[in-house]
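To start, the structure under review is shown below, and the notes come after it.
The values are calculated or read from the model by the stated rules, or taken from the named source; none is laboratory data. What you are looking at is a predicted structure, and each value in this text was computed from that prediction instead of being measured. Here the Cβ is made from the backbone with ideal geometry for all residues, glycine too, and neighbour counts use every protein chain on show. Note: accessible area is taken over every heavy atom of the protein model, side chains too, but ligands, DNA and RNA are not part of it. Shrake-Rupley method; radii C 1.70, N 1.55, O 1.52, S 1.80 Å.
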Amino acid sequence: AVRRTSETLKSDETCERITGALQRLEELYPEAVYPDMYFMIGDLSNGGTYTGYGVDLAIEAYLADENTPLSGVNADFVKFIQGPDSIPGLVVHEYVHVQQRYLPPDRDTLLAHSLIEGSANFIEYLVCERYDNDELQAYGDAHEAELWAEFEKIMNGYDFGDWLYVESDVRPTNTGYYVGYKICEAYYAKASDKHQAVCDMMNLE
């Protein structure tokens with residue numbers, strides 16, 4: 001069903017939008033490296049994966065539009081369907097992950113992972129001027145104080161619980177992305193050296 005919209009990836013317009021986004025990323029972070037990136041049609045189970053040699057993007061959710069039949073598709077996955085216009089942002093998000101330093105297991109806390117994901121979302125916003133997930137952002141803005149109060153109690157632990165990577169019964173999936181985004185947004189706003197602030201997001205300590 002997404003075969004037709006997949007052709008948009010080959011269009012000059014899409015290529016120009018992706019190239020423009022990467023040029024803006026380069027301005028923010030000239031140290032960036034760009035391994036090969038492969039666009040793939042997956043089975044609705046994954047998004048982006050960095051293998052160490054290249055970035056594999058499963059983009060079927062990004063190719064669905066109002067004409068795509070969704071019968072039988074997991075309801076939680078439907079929330080991630082954003083359409084072809086969001087592909088430049090996806091590219092930026094995954095290239096941010098390529099740059100990032102991941103912490104060793106003993107420091108791989110809920111806070112650390114939320115910062116890894118939230119900073120990718122924040123830099124994506126700086127580059128593309130659009131949120132990675134409008135629904136999550138709206139929910140977070142409406143519940144920011146209570147989310148932080150809950151998050152702060154457990155952020156140094158290793159249980160990602162209802163915050164990351166799994167469907168939640170109590171809040172939208174991946175609310176940790178939002179918390180990480182807001183931390184990075186505040187950090188960047190207060191930083192006198194914006195480039196150094198981006199470097200800090202890429203190289204967590």
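The slack between residue 130 and residue 103, meaning 0.36 nm per residue of separation minus the straight C-alpha distance, is 6.9 nm. Going 7 Å from the Cα of residue 6 along its beta-carbon direction, which residues of region 44-77 have the amide nitrogen within less than 13 Å of the resulting point? Zone members listed by number: 44, 57-64. Bridgeable aspartates and glutamates around residue 190 (alpha carbons under 16 Å apart, same-chain partners fewer than 8 residues away excluded): 200. Taking amide hydrogens as placed 1.01 Å from N in the peptide plane, the amide H of residue 168 sits under 5 Å from those of 173, each at least 5 positions away in sequence or on another chain. Here, region 66-125 yields an orientationally averaged convex hull projection of 5.7 nm² when only Cα atoms define the hull. FRET efficiency for the residue 23 to residue 166 pair, using the beta carbon distance and R₀ = 30 Å, is estimated at 0.25. Classify region 1-46 as rounded, prolate or oblate, taking a ≥ b ≥ c as the square roots of the eigenvalues of its Cα gyration tensor: rounded when a/c is under 1.5, otherwise prolate if a/b is larger than b/c and oblate if not. Oblate shape, in that a/c is at least 1.5 and b/c is the bigger or equal ratio. What percent does the relative contact order of the chain come to when contacts are Cα pairs within less than 8 Å and at least six residues apart? That works out to 20 percent. Using a 1.4 angstrom probe on heavy atoms only, work out the carbon and sulfur share of the accessible area of the chain in %. Carbon with sulfur: 51 percent of the solvent-accessible area. For the pair residue 191 and residue 205, label points projected 7 Å from Cα toward Cβ lie 1.3 nm apart.
Per residue, the accessible area of the chain comes to 54 Å², computed with a 1.4 Å probe over protein heavy atoms only. In summary, the helical segments of the chain meeting the span-like criteria, namely a full DSSP H run, a Cα extent along the axis of 20 angstrom or more and a mean Kyte-Doolittle hydropathy of at least -0.5, are 110-128, 175-190. Between the alpha-carbon centres of region 109-156 and region 160-176 there is a gap of 12 Å.
Rounded if a/c is under 1.5, else prolate if a/b is larger than b/c, else oblate: which is region 101-205, with a ≥ b ≥ c the root eigenvalues of its Cα gyration tensor? Oblate shape, in that a/c is at least 1.5 and b/c is the bigger or equal ratio. Label zone of residue 78 (point 7 Å out along Cα→Cβ, amide N under 19 Å): in region 1-28 this covers 1-2.
With every protein chain in place and a 1.4 angstrom probe, the accessible-area ranking of 201, 37, largest first, reads 37, 201. These residues, 86, 6, go from largest to smallest accessible area, 1.4 Å probe, as 6, 86.
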